[in-house]
1. Just from its helices, what would the mean residue ellipticity at 222 nm be for chain B, if runs of 4 or more DSSP H residues each count -39500 (n - 2.57) and the sum is divided by every residue, rounded to the nearest 500 deg cm²/dmol?
2. What number, in nm² with one decimal, is the all-direction average of the projected area of the convex hull of the alpha-carbon atoms of region B:217-287?
3. Using only alpha carbon pairs under 8 Å that are at least six residues apart, calculate the relative contact order of chain B and give it in whole percent.
4. Roughly how much accessible area, to the nearest 100 Å², goes out of reach of solvent when B and A pair up, both sides summed, probe 1.4 Å?
5. Charges only on Cβ, +1 for Lys and Arg, -1 for Asp and Glu: so what's the dipole of region A:72-133 about the Cα centre, in debye to the nearest 20?
6. For A:Lys186, give me every one of the lysines with a C-alpha distance below 18 angstrom, ignoring sequence neighbours fewer than eight places off in its own chain.
7. What list of whole percents do you get for P(r) of region B:316-408, with Cα-Cα distances grouped in 10 Å bins up to the one holding the largest distance?
8. Report, in cubic angstrom per residue, the convex hull volume of the C-alpha atoms of region B:57-170.
Amino acid sequence: MLARVLLALSLVPALALALCQPDGQDAYKVRLSIKTALGANAYEWNESEQFLFRATLAFAMRKYTGQETFNVSSVIVCNETPRVSFWFVVTNPNDTTTLIPKNGVEEAIRLSRNRINSAFLLSDKTLQFVGIPPTLAPPSQPSLPVWLIVFGVVMGIVTAGILALIISGFIQRKKKEKTIEDEEEKQERIMENGISFETLEGKDGVNNGAYSHDEDRLTQL
Amino acid sequence: MVEDSRPSWENPMQFVLACVSYAVGLGNVWRFPYLCQMHGGGGFLIPYLIMLVVEGLPLFYLELAIGQHMRQGSIGAWSAINPYLGGVGIASVVVSIFLTIYYNVINAWSFWYIFHSFQGTLPWVECPLSSNLTTYVPECEKSSSTDYFWYRETLNISSSIEDHGGIQMGQALCLVLSWMVVYLCVLRGTEATGKVVYFTATFPYLVMIIYLIRGATLHGALNGLKYMFTPKVDPKAWIDAATQILFSLGLGCGSLIAFASYNHHNNNFEKQAIVVSLINSGTSIFASLVTFSIYGFKATFNYESCLDRMQLLLINTFDLTEDSIKTDHLDDWISHLNASFPDKFATISSQIEGCDLKSELDTAVEGTGLAFIVYSEAIKNMGLSQLWSVLYFSMLLMLGIGSMLGNVAAIITPLRDSAFLTRHFQKETLTGMICLFCCLVGLSFTTRSGNYWFSIFNDYAATFSLLFIVLIEIITVCYVYGLKKFEKDIELMIGHRPHWYWKITWSVISPFLIIGLFIFFIADYIMNGTPTYQAWDSDLGKTVTKEYPPFAQVVIGLLLVTSMICVPLVALITFIKKKKEQAKESKRSTKVC
């Protein structure tokens, strides 16, 4: 009797190992890059860390299926390498010889990916489940694209500048026209007298450009 | 001689800065570093400097002299020199019109990148996600996030020039804005432009200095600088140097004549010509230093990422501990693993990349590819990327606007000289109409195939035609107008005759060089057969070479012909007019008798 029990007990881990096969149909490969992620603060990967992993995965299965029967023993790990990579399978809690199918495991992991990552202080890139692509965060889309706002500001400034210049040019021209009109009137009055003598009196004299020199013969740079 | 009421620069410094702002343009930043890389730094600088002294300086001097003496835009100036060759002025204006139409699109792109830099993460840092949120958009994955942002999100480029798509709203808005900025600057005429060029000429230097300091401190910058100075022997360097000098100084477009026409008669333009040309070349070299430090940084970054990728691939496949493979001994590890586990190695052998720093540095890019793709790739890896991005694209914008002001002046000055137009239109209205016309035509460059048309204009509108114009200019002045007469004019202006060096270069050396370039261009065109262009293939995620369809080749032909034909056409018309006048004169004289 005792011998049979012993035999049965020794078979269980053998069975467990048989269930967990690398490249198995329902098995997943996990790869951890602890040193890349944490550098100097990297922790050692040992049996306890492994235990935490199995517990986290059991938690993920519980959350996904809603069945609280999943336990650490449901998750079987094999083929650990110094890389820190290994394969795992999840057994059905009701029937420990069958495995949970691949997509079930995948969905469970996807659902709790964040929790699993945080348990190990890693990210989607450094805790890789080979075959399960990470869900990438969509970039935030503001209601109005930011560039239009900046564009609007610049466009407003430029339009204001153009209008200001056009209007001030217009006003300047109107003023010039007025002063020319005034001068013409003055000139006419002087001319009406018909005496050239008075034309010289009335104005400041004619500027003869031939005698005006520039400040320097050669303008300096 | 009474001074007429032509507007003028407030002081000579404004004239110099306007010339600098015009000459120092995007070509200094994106064409010269490329040529340096192609011909190997030191190997290119020597032909470049020789061509500057022998070809660039004399021609620059010549154009300033003409403008300052004739005191008119290019059309009036050349008609005054010789009525038969007034067509040269018109050809200049036609080339300037083509130039203004397509050049402002670059400013629109600069604006687009500046506006998109005001975000938490720059939009070209990451690829956007596909609809199921698990992968990136395939086009982006095959190329790169910066390529994708440029070709897809900015240009939304189509796969060939025939497929024109619609006008891209974002581009169109930015183009309208660019034209409004240009209008704002030229609206009041030279007086206002004189103030703007203080900023457009000096701001780019400020940014380049900041970038040089930052670039020199980037990891890997020295690799780039070392590469820049390793010479490669190449006979084509001389030809590229000659063409680069000619186009970089902006000769033949009429802008220099326009700017110089607003000078006082006794302005010492000889000194100014030398100063501006030296500044232009100095800026090209300076910009290359900046560009090569950035190249070095980018190449080193890519090289080290490649090494990291290979390291990860090896430790993942062979399940080794994380820090077992050091990137310095990567090649040893690869051979060791290949020998020990050949089967396993065979599974990943297709993914093994040869990481080579030199091949990263060898990727020579010019033009919009350098400015908008390579630089934005480098910027995304620098800390505080938004700041660097805004600085860099603002610099591009200032360089572009400075050149645009010169181009627009080349069109407006001759038109304002025409008494007919000035009587009927205010200067603001005339300028506004020109800007509006160019803007509307320029909208065709904002369609999905717009970038292909842009390349056509960039390669053909102002290259061969300018060579022709400059050649006719120099032959006209030396042999038709007369070198002696020209010397006397210069003596009247600056008080002494030009040194014999200038006379020799004007009459012999420069025409000889330009004719040589001319022959080379024609031979090159004949030998290369149908011209081709680089089309973006969205499925492959890279550019493919395609031939231009017939209608595009017709446009190329038209671009070349419309400007060059002005010269013989005007000569013919003037000849016919003179004949008619002579016939009238002889009729009148017979009547009197």
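1. -22000 deg cm²/dmol
2. 7.3
3. Here the relative contact order equals 33 percent.
4. Heavy-atom accessible area buried at this interface is about 3800 Å².
5. Approximately 220 debye in magnitude.
6. The qualifying lysines are A:Lys175, A:Lys176, A:Lys178, A:Lys203.
7. Percent of pairs per bin, in order: 12, 27, 20, 20, 12, 7, 2.
8. Numbers: hull volume 23.1 nm³, N = 114.
Taking only Cα atoms, region B:57-170 has a hull volume of 202 Å³ per residue.
The values are calculated or read from the model by the stated rules, or taken from the named source; none is laboratory data. Bear in mind the structure is a predicted one, so any value in this text is a computation, not a measurement. Methodologically, a virtual Cβ is constructed for each residue, glycine included, from the backbone with ideal geometry; neighbour enumeration extends over all protein chains shown. Note: accessible area is taken over every heavy atom of the protein model, side chains too, but ligands, DNA and RNA are not part of it. Shrake-Rupley method; radii C 1.70, N 1.55, O 1.52, S 1.80 Å.
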